[in-house]
Structures are given as C-alpha cells and as structure tokens.
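Accompanying notes for the structure given below.
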Amino acid sequence: MKKIGSGWQVSVYEYTPSVVYKKPHTNYFFVCLKIIQDFPPIFFTPLKLHRWRRIVQARQLASLRVIANYVHLSKYLAHPVIESSGAYYQSRAIPVYRYVKNLSKKEFEKLVDDYARLTYYLYEQGFIDKSFNFLKNFGILNGEIVLTDLGELFFDEQEIREQLENRPWAHVKFILALSKEQRHYLVKVMDETFLSEKNST
C-alpha cells in the first residue's frame, strides 16, 4: 500500500482509490518527532513530550473502542471498519484544508454551517472531536462533510463540557490557514451553535 499521509497517531495508506487504511504508529521516536514538528518548544521539556506521546496513543485506542459501537453514525464517520489493533479503514474523503481553497464566500459559509450542524449532532449522540480541528480532522465525502479523524474523541460529559468552554474551534493554531473573514465566520457560527443560551440550558 502507498503511504499518503501521517499524523501524531497514524500513518495513512491508500488501500484502494476510494478507501484508506490508517495504521497506528509503533515507533516511539517517530511519534515524538511528529509532535515536535507541530510544537517545537516541547523539545526542551522531554517529560512533557513523553506524556503527550503516551496520552495521544492511549486516546486513539480508547476512542476507537467506543466509537466502534456507533454503527448508526457510520456515514458521518466515513464508514469506518475498525480492527482490534487500533488500525481502521475508511472511505477516502477530501480533507477540508484542501477543499476550502477555491470556495466562494457563499460556498465556504455553507460548509461551515454544515460543519456546525454535524458537530452538534455528534455532540447530541454523546461525543465530540477533542480539538474541533475543522481543517484537518474533517473531510468531504460525496459532497457531505464527515469526521475523518477518530483518534481523539471525548465521550465523558465533564470532559466535553470543559472542552466546549475552552472553545477549541477558536484556537488560531487550528484555523490560521483561513482568511480573517473566514475565521471570524467559523468562530461566530460555532459559538452560536454550542454556546448560545438555548444550547446551554
């Protein structure tokens, strides 16, 4: 299989033109290197780096163990087929960070509206994507937005509540590639979706 990508938790391979295979990393130093690439200052705090490496890998297995029971949500998760090893197959989606490049303002705003509806629906089903990383953790499959990164999900009510209070969708590091106008619209819609009075009661 041809390797087509890599993150903190998995390497991504082309299984067929329409299916990807995501295999967990097993090399300790490779994972550390991936983390350092995204957060260079952590190189100077090796104990923190070791803790992060352990947490992200444990979160991957824990998330997949639970999400395997959400069969009714398969189409919103790119049709995952999960192995006991923590590897999984998915339908191949276009990453949002690629998809948004040539969208008009109206098309971008519709995508954000769809994203807000999807993430709120998944929240109603009992989980959230930890970072709400719109650009990297979601993709477009058959014209619909789907969650593609299944390795960092929160299911615990308290964790979810605290994460929503932190507004991760507004963290610049996750949306820096967007224009100022696009960032403003995304944050506004997500704040309205998750923090409005009607949703906090």
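The values are calculated or read from the model by the stated rules, or taken from the named source; none is laboratory data. Note that the coordinates shown come from a computational prediction; the quantities given were computed from them, not determined experimentally. Note that we place each Cβ from the backbone using ideal geometry, even for glycine, and neighbour counts take in every protein chain shown.
Summary table
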quantity	calculated
Verdict on Arg183 being assigned to a helix (DSSP H, G or I) and either on the phi > 0 side of the Ramachandran plot or under 16 Å from the mean Cα position of the chain (by Cα) (or both)	no
Top-ranked residue of the range 81-127 - restricted to ones that are part of a loop (DSSP other than H, G, I, E, B) and among the charged types (D, E, K, R), ranked as surrounded by the most Cβ atoms within 10 Å (Cβ to Cβ)	Arg92
Residue ranges of strands (runs of 3 or more DSSP E) in the range 1-67 with at least 1 members in contact with a Ser or Thr (Cβ under 9 Å, 6 or more places away or on another chain) and in contact (Cβ under 8 Å) with a residue 24 or more places away in the chain	19-24
The range 146-163, residues that are touching a Ser or Thr at 6+ places or on another chain (Cβ under 9 Å) and without any contact (Cβ under 8 Å) to a residue 60 or more places away in the chain	Phe154, Gln163
In the range 157-175, residue modelled with the lowest pLDDT [restricted to those that are aliphatic (A, V, I, L, M) and either in contact with a Cys (Cβ under 6 Å, 6 or more places away or on another chain) or farther than 17 Å from Tyr115 by Cβ (or both)]	Val172
